[in-house]
Amino acid sequence: MGNDRYRRQILVKEFGSNAQKLLSESSIVIVGGGGLGSNSANILVRMGIGTIDIIDKDTIDITNLHRTSLFTQEDIGKSKAVVLEERLQAINPEVRVKGINQNVTKDNIETFLKKADVIVDGTDSIPLRHLINTVSIQNDIPWVYAGVYGTIGMTMGILPKKTPCFQCISQNIPESTTGETPVLGSLPPTIASIQCNETIKVLLGKQLAGLIIYDVWNQCFDVMSIQRNPHCPICGKMEKNLSKGRIL
Ligand SMILES: [Zn+2]
């Protein structure tokens with residue numbers, strides 16, 4: 001790590017050489033390698049994360065190209081996970097990159113996520129986010145939610161039993177829609193960038209912002225401070241049972 005690659009980043013007073021070292025020792029898993037996941041992977045690999053796994057079973061489609069990072073027209077039909085591993089490793093050989101060409105299911109999710117220091121949300125599925133949330137709370141692994149629709153995106157870092165979990169904030173999250181989701185091409189890179197900052201702040205133990213909402217078209221930025229729901233069936237129940245000495 002003693003090279004010039006991160007010199008300009010280390011100069012940032014909020015970051016510095018200690019943060020760079022901590023980042024290089026950290027392991028993240030990104031679930032989904034599309035609009036959000038590919039952009040977040042690109043940023044985190046360039047910034048010097050230590051280890052990154054990206055899980056996605058999809059192949060690259062022409063409809064992905066307007067909002068993703070690192071894919072070209074020649075990649076259409078290839079595995080997202082395989083192409084991302086190749087490109088990311090070429091961008092930064094110091095990072096351990098693994099592309100996993102599999103679907104994440106309730107049977108295998110724990111195997112994929114349990115070694116992560118932080119889980120990064122790159123999915124477009126509300127049920128899968130609830131699954132990530134449950135694994136996060138049960139295994140005490142932070143995760144950073146992100147979602148995009150049209151011109152509006154949201155992201156929030158979730159620290160198990162410290163911040164609200166995804167279930168606690170679910171009334172603030174738009175429902176899944178049927179059919180194709182509209183997404184402006186400039187939106188996922190912007191939200192991924194904010195998501196990466198929150199991810200790094202989780203790794204460094206810094207104060208998180210809350211539920212960040214950004215409309216890239218109207219330039220409206222908002223941060224909602226949401227309280228934990230003491231009756232949350234995911235983080236509330238765990239807390240209650242842990243306090244009784246019973247671990248679910
Ligand atoms: Zn909760």
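The values are calculated or read from the model by the stated rules, or taken from the named source; none is laboratory data. All figures in this text were calculated on a predicted structure; none of them were measured in a lab. Neighbour counts run over all protein chains shown; Cβ positions are idealised from the backbone, glycine included.
Can you tell me which residues in segment 174-213 are assigned to a helix (DSSP H, G or I) and more than 15 Å from Met154 (Cα to Cα)?
Ile200, Lys201, Val202, Leu203, Leu204
Leu44 fails exactly one of the following numbered conditions: (1) in contact (Cβ under 8 Å) with a residue 60 or more places away in the chain; (2) not aromatic (Phe, Trp, Tyr); (3) not in a helix (DSSP H, G or I). What is the number of that condition?
(3)
One line per residue, one yes/no per condition, for (1) crowded, with 20+ Cβ neighbours inside 10 Å; (2) within 12 Å of the ligand (Cβ to nearest atom); (3) closer than 26 Å to Gln102 by Cβ; (4) under 17 Å from the mean Cα position of the chain (by Cα):
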residue: Ile132; (1), (2), (3), (4): yes, no, yes, yes
residue: Asp140; (1), (2), (3), (4): no, no, yes, yes
residue: Tyr149; (1), (2), (3), (4): no, no, no, yes
residue: Ser176; (1), (2), (3), (4): no, no, yes, no
residue: Pro182; (1), (2), (3), (4): no, no, no, no
residue: Pro188; (1), (2), (3), (4): yes, no, yes, yes
residue: Asp215; (1), (2), (3), (4): no, no, no, no
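Within segment 22-31, take every residue that is out of contact with any helix residue (DSSP H, G or I) (no Cβ under 8 Å at 6 or more places or on another chain) and surrounded by 15 or more Cβ atoms within 10 Å (Cβ to Cβ) and give me the one that is nearest to Pro142 (Cα to Cα).
Ser27
Quick check: anything in segment 155-164 surrounded by 20 or more Cβ atoms within 10 Å (Cβ to Cβ), closer than 25 Å to Lys80 by Cα and away from the ligand (no atom under 16 Å from the Cβ)?
Yes, segment 155-164 contains at least one residue that is surrounded by 20 or more Cβ atoms within 10 Å (Cβ to Cβ), closer than 25 Å to Lys80 by Cα and away from the ligand (no atom under 16 Å from the Cβ).
Of the numbered conditions (1) at pLDDT 95 or above; (2) surrounded by fewer than 15 Cβ atoms within 10 Å (Cβ to Cβ); (3) not small (Gly, Ala, Ser), Met1 satisfies every one except a single condition; which is it?
Failed condition: (1).
Step by step: first the residues of segment 121-130, then only those that are more than 16 Å from the ligand (Cβ to nearest atom) and not in a loop (DSSP other than H, G, I, E, B), then the one that is nearest to the chain's Cα centre (by Cα). Which residue is that?
Among those residues, the one meeting the criterion is Leu128.
For segment 132-148, which positions are touching a helix residue (DSSP H, G or I) at 6+ places or on another chain (Cβ under 8 Å) and β-branched (Val, Ile, Thr)?
Once the filter is applied, which keeps residues that are touching a helix residue (DSSP H, G or I) at 6+ places or on another chain (Cβ under 8 Å) and β-branched (Val, Ile, Thr), segment 132-148 yields Ile132, Val135, Ile137, Ile141, Val144, Val148.
Restricting the search to segment 100-120, which residues are among the β-branched types (Val, Ile, Thr), surrounded by 13 or more Cβ atoms within 10 Å (Cβ to Cβ) and either out of contact with any Leu (no Cβ under 7 Å at 6 or more places or on another chain) or not in a loop (DSSP other than H, G, I, E, B) (or both)?
Within segment 100-120, Ile100, Ile109, Val118, Ile119, Val120 qualify.
Residue by residue, here is whether (1) touching a strand residue (DSSP E or B) at 6+ places or on another chain (Cβ under 7 Å); (2) outside any strand (DSSP E or B); (3) among the hydroxyl-bearing types (Ser, Thr, Tyr); (4) within 17 Å of Asp121 (Cβ to Cβ) holds:
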{"site": "Asp53", "(1), (2), (3), (4)": "yes, no, no, yes"}
{"site": "Glu74", "(1), (2), (3), (4)": "no, yes, no, no"}
{"site": "Glu85", "(1), (2), (3), (4)": "yes, yes, no, no"}
{"site": "Lys98", "(1), (2), (3), (4)": "yes, no, no, no"}
